[in-house]
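What follows is one structure encoded as structure tokens, with my remarks underneath.
The values are calculated or read from the model by the stated rules, or taken from the named source; none is laboratory data. These figures come from a predicted structure and were not determined experimentally. Cβ atoms come from the backbone with ideal geometry, glycine included; neighbour counts cover every protein chain shown.
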């Protein structure tokens, strides 16, 4: 990709004398240890490290630097107002807008992101291959890669999505964290479905107030266009505010009688849970879920609503809930022949 195309429409405060519009860009990076031939390096001033200070460590493979201040370097560079804000645009442009070629499902909320996103993957895999990106890694087909962030940075995320397009994977279930939203990691992505599980007083060390925390989560729903679906837990006190601000087609779920997917008659029977579901005046009774607890029923029903909105038949999806595999680190029941119960759970909150 030529530098002129990569930087099209971006305000350049300064261009070094040796910059020109025909620089060939073959790779984007913000990590000095991740450099390939013809790399465009993007400087980020982080809370601990300012990569503007590391440019002398860059190899000759770097052909362009994007920065926010003047540099002492022989490598062509440009200055922009905020590199953190433009990275998502650069990433989506460089990788040819992969999210527009996928059915991208974003799951956000304080609790239930990992479980809901993985239930969606497991259910969709019965019909068509689905990828998962989140706390438990990057998974698709037989591939399973570790990730360091719940929502990867935009360069990595768009690279993953581009890979999925190449592999002819049509569906992606993505955990979308509030930090990821606030730090622009999912900016310029095209979501087909967004799911809101819940919101409570976690992560206020980062967001400071519950209002700011909600505003971060709300960004996902403000990104939706009129053809996308906003699946919202109607039992949350924040549901009405989300419904008002999104342009997406709203679908609700919960124990609230006004829910589009009305959950009722939950019957825990460890390690399983049974429940009834009313959808459009049709009752689905005695549904068997191989995960334990009310909160997992919410996660499962959000997943059902997601697949239903994407055109899959509930009557075909529901039977697979009884075979959902344990979500790693989430209420995993260990049966090793011992005369007592052993449960492994390292979720951060009681309802994750």
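See the values below:
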read-out	value
Enumerated strands (runs of 3 or more DSSP E) restricted to region 1-111, each holding at least 3 residues that are assigned by TED's automatic domain parsing to the domain that holds residue 308, within 26 Å of the chain's Cα centre (by Cα) and buried (at least 18 other Cβ atoms within 10 Å of the Cβ)	103-108
Residue within region 315-326 that is assigned to a strand (DSSP E or B) and either within 19 Å of residue 114 (Cβ to Cβ) or at pLDDT below 95 (or both) present	no
Conditions (1) assigned to a helix (DSSP H, G or I); (2) within 13 Å of the chain's Cα centre (by Cα): number failed by residue 194	(1)
Answer from 292, 221 - the residue that is part of a loop (DSSP other than H, G, I, E, B) and in contact with a strand residue (DSSP E or B) (Cβ under 6 Å, 6 or more places away or on another chain)	292
Any hit, region 250-257, residues being surrounded by fewer than 20 Cβ atoms within 10 Å (Cβ to Cβ), under 19 Å from residue 190 (Cα atoms) and in contact with a helix residue (DSSP H, G or I) (Cβ under 9 Å, 6 or more places away or on another chain)	yes
Residue within region 159-174 that is touching a helix residue (DSSP H, G or I) at 6+ places or on another chain (Cβ under 6 Å) and assigned to a loop (DSSP other than H, G, I, E, B) present	no
Out of 221, 191, sole residue that is closer than 18 Å to residue 307 by Cβ and either buried (at least 22 other Cβ atoms within 10 Å of the Cβ) or modelled with pLDDT under 95 (or both)	191
Qualifying residue in region 267-274 (condition: under 30 Å from residue 341 (Cα atoms), crowded, with 22+ Cβ neighbours inside 10 Å and out of contact with any strand residue (DSSP E or B) (no Cβ under 7 Å at 6 or more places or on another chain))	no
Every residue from region 161-173 that is surrounded by fewer than 20 Cβ atoms within 10 Å (Cβ to Cβ) and either closer than 18 Å to residue 123 by Cβ or under 12 Å from the mean Cα position of the chain (by Cα) (or both)	169, 170
Filtered residue count, region 120-136, keeping only those that are assigned to a loop (DSSP other than H, G, I, E, B) and either in contact with a helix residue (DSSP H, G or I) (Cβ under 6 Å, 6 or more places away or on another chain) or in contact (Cβ under 8 Å) with a residue 24 or more places away in the chain (or both)	6
